[in-house]
Amino acid sequence: MSEDLFQAMRQSIIDGAPDTARSLAQTAIDSGIPPLSAIQGGYVPGMNYVGEQFGLRRMFLPDMVAAAEAMKAAMGVLDPELKRLGAERPSAGTIVLGTAKGDIHEIGKTLVGTLLGASGYRVLDLGVDVSPEKFAAVASEAGANVVGVSALLTTTMKGQRSVVELFDREGLRPRIKVVIGGAPVTRQWAEEIRADGFAKDALGAVNLVHGLMQAKGPA
Ligand code: B1M
């Protein structure tokens, strides 16, 4: 049953069909399928397929835009459910999150924020195209424990390095940790720019932040 549902979810992203994506997300919740399983087993494979086809010039920018709209429609149903499942936990620390300067990809970053919120963190999501200066100003003002910088483009990964460098120049590290992620980001890149950590996916990001918070003691 869930395999068919996951296949239909994948197809709704490929078709760029927000109404179908939304109604399948509701079916998943009504059937007791964990929202994260629906995201990872159904919708994300659809996004990956669209991305591959775009890379091969078999799908085009309007297809990516439509796929993103369908994904956002599904997330509109799944997000509150993810938050509800983690709602009763106490605040475990403050995380400032955003997508690097010049980059407007928001879906993965938003999912990371949702899971961190559902895991008990206070999340300040600065959105997309965020400058290093904005990360630094908000993180200082909010007394953040961790800053997370997402990048989906090889060209905007350098924005992650700029955040690390600015935090060092302003003496914000090591008190505030800087972690990075996004499809093109690797452990090697994280080490090269001396980030405090890297995660491949949203669950990995939660584990990474848990580990950093434990290492530095309670917030
Ligand atoms: Co764009 N895009 N896009 N795009 N897009 C990619 C990234 C691309 C790989 C497609 C391709 O060519 N195959 C390619 C990048 C190539 C490269 O740099 N090497 C690309 C391109 C080229 C572009 C444009 C330049 C296209 C153009 O205009 N010619 C343009 C750039 C715009 C800009 O940012 N300045 C562009 C635009 C867009 C849309 C606006 C149409 C749309 C985004 C809409 C939106 O977000 N509102 C879009 C989309 C949808 C994609 C793909 C298809 C899907 C991205 C996505 O949402 N994935 C993408 C192909 C792909 O990735 N397969 C592609 C689903 C999401 C859940 O996964 O974001 O990877 P992801 O997040 C994961 C992990 O990466 C990780 O956890 C998340 C959940 O598990 N993670 C973190 C993410 N952030 C993290 C932070 C962390 C830790 C983990 O800690 C802080």
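Please find, among A74, A70, the residue that is in contact with a Lys or Arg (Cβ under 7 Å, 6 or more places away or on another chain), crowded, with 23+ Cβ neighbours inside 10 Å and assigned to a helix (DSSP H, G or I).
A74
Report yes if D196 is within 13 Å of the ligand (Cβ to nearest atom), surrounded by fewer than 22 Cβ atoms within 10 Å (Cβ to Cβ), at pLDDT below 95 and among the charged types (D, E, K, R), otherwise no.
No; evaluated as a whole, the condition is false for this residue.
Looking only at the stretch 89-111, decide whether some residue is more than 6 Å from the ligand (Cβ to nearest atom), modelled with pLDDT under 90, surrounded by fewer than 19 Cβ atoms within 10 Å (Cβ to Cβ) and within 27 Å of M9 (Cβ to Cβ).
no
Would the stretch 15-24 turn up any residue that is surrounded by fewer than 19 Cβ atoms within 10 Å (Cβ to Cβ) and without any contact (Cβ under 8 Å) to a residue 12 or more places away in the chain?
Yes, the stretch 15-24 contains at least one residue that is surrounded by fewer than 19 Cβ atoms within 10 Å (Cβ to Cβ) and without any contact (Cβ under 8 Å) to a residue 12 or more places away in the chain.
Could you check the stretch 42-55 and list, in sequence order, the residues that are near the ligand (Cβ under 7 Å from one of its atoms), closer than 17 Å to L111 by Cα and surrounded by 16 or more Cβ atoms within 10 Å (Cβ to Cβ)?
Scanning the stretch 42-55 gives V44, M47.
Only one of L166, L153 is among the aliphatic types (A, V, I, L, M), near the ligand (Cβ under 8 Å from one of its atoms), surrounded by fewer than 22 Cβ atoms within 10 Å (Cβ to Cβ) and more than 27 Å from A25 (Cβ to Cβ); which?
Selected residue: L153, the only one of L166, L153 that is among the aliphatic types (A, V, I, L, M), near the ligand (Cβ under 8 Å from one of its atoms), surrounded by fewer than 22 Cβ atoms within 10 Å (Cβ to Cβ) and more than 27 Å from A25 (Cβ to Cβ).
Please state which one of I13, I33, I29, I39 is within 22 Å of the chain's Cα centre (by Cα), farther than 17 Å from I107 by Cα and either in a helix (DSSP H, G or I) or not aliphatic (A, V, I, L, M) (or both).
I29
Do we find that L115 is under 16 Å from G211 (Cα atoms) and either in contact (Cβ under 8 Å) with a residue 40 or more places away in the chain or more than 14 Å from the ligand (Cβ to nearest atom) (or both) in this structure?
yes
The values are calculated or read from the model by the stated rules, or taken from the named source; none is laboratory data. Note that the structure is a prediction, hence the values are computed from the model and not measured. No Cβ is skipped: glycine too gets one built from the backbone with ideal geometry, and neighbour counts run over all protein chains shown.
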